[in-house]
Amino acid sequence: MSGGASEVPVRESWEGLLGVRAASGRPARLGIMGGTFDPIHNGHLVTAQQAMDDLGLDLVLFMPAGSPAFKQGRHVSSAEDRFAMTLLATADNPGFVASRLEIEREGITYTADTLKELRRRLPEGVELYFITGADAIIDIVSWHDAGTIATMATLVGATRPGYDLEWAKAAIDGSGIGFDVRYLEVPALAISSSYLRERASSGQSIRYLTKDSVIGYIEKHGLYAQAGEEAAPWGEGAS
Ligand code: ATP
Ligand code: MG
């Protein structure tokens, strides 16, 4: 079985975004939801939808990281499998686009490089919104080239059960980097990819935690069939 994106229709185009922009007469607003997406789940989807609604985004790009900087040394499903699941999960929402940008770049994936590449490819004036959950935004101040991230995009810090957005605010404020941040209240889903992997590997259902199409892909390809790490529902590794 070949797997990967060849099984699902690819739908990546900037035309929709540019069309929206031309029609509306205001700058287009593009959301970027980065992650490992191993697998993508309803917490990611609801966060992106809330950001679209609250911030008036025209599109959200879901961007699986090619080689995630924070997951070096642990087993991560192949980029093609993670992309295929992202494609399946986003296919029925015209505002969501699965992007291959990061999985096609060599080396460790850094958000600053992604934003620079988007800036190069997109017309002048498109506003970029980089969407993260409360856990990730706490760390963002120490990310590679954080100053570049701050100049290129507005950060969107979403609430996530198990993580305190106040810590994130303190970290951002204390960093001395001039981040433009919007904080976003998201319907609480105390789930994580780690939790889904753990459930799948122990034969428990992950129904209603992610899309049925994603579950079908996981089953067909035997992803997470082997026992992995223990995980608390809200995050990586039980701790
Ligand atoms: P893992 O357990 O493997 O770390 P994860 O569920 O944290 O997986 P990631 O791919 O690491 O998923 O996260 C991608 C982005 O989605 C991050 O910015 C993360 O904060 C955010 N996110 C993930 N799950 C949720 C959730 N339940 N609610 C809000 N944001 C979330
Ligand atoms: Mg995570």
Worksheet entry | Amide H partners (placed H, <5 Å) of residue 183, local residues excluded | 157
Worksheet, complete the sentence: Of all GluC sites (Glu not before Pro) in segment 142-212, the ones in DSSP coil with at most 13 other Cβ atoms within 10 Å are 185
Worksheet entry | Cα-centred dipole magnitude for segment 27-191, charges only on beta-carbon of K, R (+1) and D, E (-1), debye, nearest 20 | 220 debye
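So for segment 105-239, considering every pair of alpha-carbon atoms, how many percent are separated by more than 21 Å?
55 percent
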Item to complete: Note down the nm distance, to one decimal, between modelled labels 7 Å out along Cα→Cβ at residue 78 and at residue 106.
Response: 2.0 nm
Worksheet item: Which of the peptides 113-119, 59-65 is most tightly packed, and how do the rest follow, judged by the mean count of other Cβ atoms within 10 Å per residue?
Response: 59-65, 113-119
Worksheet item: Over segment 27-191, what number does the Rg to Rh ratio reach, with both radii from the alpha-carbon atoms and Rh per Kirkwood?
Response: 0.92
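No value in this document is a laboratory result; all are computed from the given coordinates. Because the structure is predicted, anything quoted here is derived from the model rather than measured. Cβ sites come from the backbone with ideal geometry, for glycine too, and all protein chains shown count toward neighbours.
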